[in-house]
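K.L.:
The structure's right below; bear with me while I get my questions together.
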Amino acid sequence: MSGYIYTLYKGADPARGWVLTDPIFEGVRATLGACVPNIRNAVRQGDWIFSVSGRVPGLRQFVIGGFKVIDKIDHLAAYGRFPENRLTKAANGQLLGNIIVQADGSQHPYDGHKNFDRRIRNYIVGGEAIYLTTPDEFEIARSETIETLSQVICKDGQKVFDLIGRHRKLSDEQTTHLRLWLENVKAGRRNNGETPGNS
């Protein structure tokens, strides 16, 4: 049960109202479709993939969640299997969905990736997932992510990039540590053992 952790693109912070489109944790299955093709190519069934919020000026990045890989398919298969994840555009202009092909397998006009042929391989389908959704969970994770990643990686750093760069492979032990920490955050437990609002 090894894992991978990577940072989302600039501005992708769900605590600031950003709707996550890749990965998508909500729905029937967690999925990862077009981002980090190197990680999608490398993972195997049973591995975990964790995502960190994107950079926002003045805010600490935090681990948003992760999921266990159960399948790898191509985008055309995903188009039929997950119609809710097909690429669309919201009223505010944000792109939604992580399936970047059209029904005939061609590139969706909303998708701007130059390496389309590489991007449409290895659409990741998740099984077990744990991800943060509430303001309290976001606040705990934002305050503890650097300390937790330092413990996981056994390295000191002031920023997420200092610890994992753009992405990093995790051992079985590191993957378990990160997953258990996320479970504690979901339960409202801080590293000091206190729950929010208690002193």
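K.L.:
If you find the alpha carbon centre of the range 1-67 and of the range 93-134, how far apart are they in angstrom?
P.N.:
Distance between centres, Cα-based: 12 Å.
K.L.:
On average, how much area does the Cα convex hull of the range 10-126 cover when viewed from any direction, in nm²?
P.N.:
7.4 nm²
K.L.:
Which residue, His75, His167, His108, tops the fluctuation ranking in a GNM of the chain built on C-alpha contacts under 10 Å?
P.N.:
Among His75, His167, His108, the largest mean-square fluctuation in the Gaussian network model of the chain belongs to His108.
K.L.:
Among DSSP beta bridges lying fully in the chain, give the percent that are antiparallel, nearest 5.
P.N.:
80 percent
K.L.:
In deg cm²/dmol, rounded to 500, what helix-only [θ] at 222 nm does the chain give when every DSSP H run of at least 4 residues adds -39500 (n - 2.57) and the total is split over its residues?
P.N.:
It comes out at -8000 deg cm²/dmol, rounded to the nearest 500.
K.L.:
So what are the range 98-199's ellipsoid semi-axes, whole angstrom, largest first, if each one is the square root of 5 times an eigenvalue of the alpha-carbon gyration tensor?
P.N.:
Over the Cα atoms of the range 98-199, the ellipsoid semi-axes are 34, 18, 13 Å.
K.L.:
Do any GluC sites (Glu not before Pro) in the range 114-177 lie in a DSSP loop with no more than 16 other beta carbon atoms within 10 Å, and if so, which?
P.N.:
Taking the range 114-177 and a limit of 16 other Cβ atoms within 10 Å, no loop GluC sites (Glu not before Pro) are found.
K.L.:
May I ask for the angle, rounded to the nearest 10°, between helix 172-186 and the longest principal axis of the chain, with both axes built from Cα atoms and the value confined to 0 to 90°?
P.N.:
Roughly 80 degrees between the two axes.
K.L.:
I'd like the chymotrypsin sites (Phe, Trp or Tyr not before Pro) in the range 95-161 restricted to DSSP loop residues with at most 10 other Cβ atoms within 10 Å, sorted by number.
P.N.:
In loop regions of the range 95-161 (DSSP not H, G, I, E or B), there are no sparsely surrounded chymotrypsin sites (Phe, Trp or Tyr not before Pro).
K.L.:
While we're looking at this one, here's another question. So who's got an amide H within less than 5 Å of the one on Leu96, skipping anything under 5 residues away but keeping other chains? H placed 1.01 Å off N, in plane.
P.N.:
Those qualifying (amide H under 5 Å, at least 5 residues apart or on another chain) are Thr88, Lys89, Ala90.
K.L.:
Follow-up question, since we're still on this one. Kirkwood hydrodynamic radius of the range 48-105 from all distinct Cα pairs, in Å?
P.N.:
That comes to 13.8 Å for the range 48-105.
K.L.:
Would you please give the FRET efficiency between Thr134 and Lys155, computed as 1/(1 + (r/R0)^6) with r the Cβ-Cβ distance and R0 = 45 Å, to the nearest 0.05?
P.N.:
0.95
K.L.:
Sticking with this structure for a sec: Roughly speaking, what % of Cα-Cα pairs in the range 26-76 are separated by over 14 Å, rounded to a whole number?
P.N.:
60 percent
K.L.:
Between Ser106, Ser150, Ser171, find the one with the highest GNM mean-square fluctuation for the chain; connect C-alpha pairs within less than 10 Å.
P.N.:
Ser106
K.L.:
If a/c stays under 1.5 just call it rounded; otherwise compare a/b with b/c (prolate if a/b is bigger, oblate if not). Do that for the range 81-126, with a ≥ b ≥ c from the square roots of the Cα gyration tensor eigenvalues.
P.N.:
It is oblate, given that a/c is not under 1.5 and a/b is not larger than b/c.
K.L.:
Still on this model: When a/c reaches 1.5 or more, the comparison of a/b and b/c decides; with that in mind, is the range 65-141 rounded, prolate or oblate per its Cα gyration tensor?
P.N.:
Oblate shape, in that a/c is at least 1.5 and b/c is the bigger or equal ratio.
K.L.:
Separate question: Taking only Cα atoms of the range 142-181, what ratio of Rg to Rh do you get with Rh as the Kirkwood inverse-distance radius?
P.N.:
0.92
K.L.:
Now, a different point. Using DSSP to call loops (not H, G, I, E or B), can you name the trypsin sites (Lys or Arg not before Pro) in the range 129-178 whose Cβ has at most 13 other Cβ atoms within 10 angstrom?
P.N.:
Lys155, Lys159, Arg166
K.L.:
Okay, moving on. If you line up the long axis of helix 135-153 against the longest principal axis of the chain, both from Cα atoms, how many degrees apart are they, to the nearest 10?
P.N.:
80 degrees
K.L.:
Once you put a point 7 Å from the Cα of Asn115 and another 7 Å from the Cα of Val19, both along the Cβ direction, what distance in nm separates them?
P.N.:
About 2.8 nm, to one decimal.
K.L.:
Treating only the Cβ of Lys, Arg, Asp and Glu as charged (+1, +1, -1, -1), what charge dipole size does the range 115-194 show about its Cα centre? Round to the nearest 20 debye.
P.N.:
In total the dipole reaches around 480 debye.
Each reported figure results from applying straightforward, stated rules to the coordinates on display, with no laboratory input. Computed from a predicted structure; not experimentally measured. With ideal geometry, Cβ positions are generated from the backbone for all residues, glycine too; neighbour counts draw on all protein chains shown.
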